[in-house]
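Have a look at the structure below, then the notes.
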Amino acid sequence: MAIKIYIDQGHNPQSPNAGAEGNGFVEQDLTYEIGARLATLLRSNGNFDVRVSRPTPETSLGTSNASSLRIRVDEANVFGADYFISLHANASNNSSVSGSEALVYSSPSVASELGEDILLWLNRLTGLRNRGIVNRPGLYVLRKTQMPAVLVEMGFISNPQDAALMNNSPELFAEGIYNGILQYTGLL
Ligand SMILES: [Zn+2]
């Protein structure tokens, strides 16, 4: 039985639900590219059945923030995903803040353990600080998904080094998340 993974490339190409901007980059471009690369890695492995929220760079979901999120969650629930992985970039008013976080509905949980493995491997491959698991039960995509869901804040778009690394080396983030999934599912 293939393991079903829904990859949610956070945000839309333009408003509504456009992402954060920083250091000349936009979040939705980073999440699109890293998500596409993660999907390619998972599909080539042979053990996974993968869906992505934005199959093309032009794909735009919903007519509002709320409907954009709802469509992603509904797709994952109808797909019957085993795991929901939402990709985002963080932002801070302080440009020196750096690193990766994994947001989950609650911990300890399947999602938090998967998130810990993803963070471990992101740190190994990108060198960015592991900022750990954060419980965010109010987030729609964590609350409404019917499967373990991890929202990965891969790095800070507000930090020049994090932002450049996400843009220039998307393969490191894709491989880090991929290895974390493999480790959690016992396939590494
Ligand atoms: Zn975001």
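Expressed as a rounded percentage, what relative contact order does the chain have, with Cα pairs under 8 Å and six or more residues apart?
Working: 410 pairs, mean separation 52.1, N = 188.
Relative contact order, the chain: 28 percent.
Put +1 on the Cβ of every Lys and Arg and -1 on every Asp and Glu Cβ in the chain; which of L120, V78, N94 then has its Cα farthest towards the positive end of the dipole?
Sorting the options by dipole projection puts first V78.
Calculate how many DSSP beta bridges within the chain are antiparallel, expressed in % of all such bridges and rounded to the nearest 5. Walk me through the numbers before you get to the answer.
Values: 5 of 25 bridges.
Once the DSSP bridges in the chain are tallied, antiparallel ones form about 20 percent.
Starting from the Cα-Cα distance between S95 and S169, subtract it from 0.36 nm times their residue separation and give me the gain in nm to one decimal. Don't skip to the end; give the middle numbers.
Values: separation 74, 0.36 × 74 = 26.64 nm, distance 1.98 nm.
Contour length minus Cα-Cα distance gives 24.7 nm.
Sum up the charges of everything whose Cβ sits under 12 Å from the Cβ of R136, counting Lys and Arg as +1 and Asp and Glu as -1, but leave R136 out.
Values: positive: R143; negative: E101, E153.
Summing Lys and Arg as +1 and Asp and Glu as -1 gives -1.
With charges set only on the Cβ (+1 for Lys and Arg, -1 for Asp and Glu), what does the dipole of the range 41-96 come to about its Cα centre, in debye to the nearest 20? Write out the running numbers ahead of the final one.
Values: 5 positive and 5 negative charges, 18 e Å.
Here the size comes out at about 80 debye.
Compute the distance from the alpha-carbon center of the range 108-126 to that of the range 14-33, in whole Å.
23
Would you please state the base-10 log of I(q)/I(0) at q = 0.08, 0.10, 0.13, 0.14 1/Å for the chain, with intensities from the Debye formula using one equal scatterer on every alpha carbon?
Evaluating at q = 0.08, 0.10, 0.13, 0.14 Å⁻¹ gives log10 I(q)/I(0) of -0.21, -0.33, -0.58, -0.68.
Run the dipole for the range 1-123 about the Cα centre, Lys and Arg Cβ at +1, Asp and Glu Cβ at -1, nothing else charged, and hand back the magnitude in debye, nearest 20. If you can, show how the numbers build up before the last one.
Values: 7 positive and 14 negative charges, 50 e Å.
Computed about the Cα centre, the dipole is about 240 debye.
For the pair L188 and N77, what calculated FRET efficiency results from E = 1/(1 + (r/R0)^6), where r is the Cβ-Cβ distance and R0 = 25 Å, to the nearest 0.05? Before the final figure, lay out each step's value.
Working: r = 28 Å, r/R0 = 1.11.
E between N77 and L188, to the nearest 0.05, is 0.35.
Read-outs throughout are calculated quantities, based only on the coordinates presented, and are distinct from any laboratory measurement. Worth saying up front: this structure is predicted, and the values here are computed from it rather than measured. Here the Cβ is made from the backbone with ideal geometry for all residues, glycine too, and neighbour counts use every protein chain on show.
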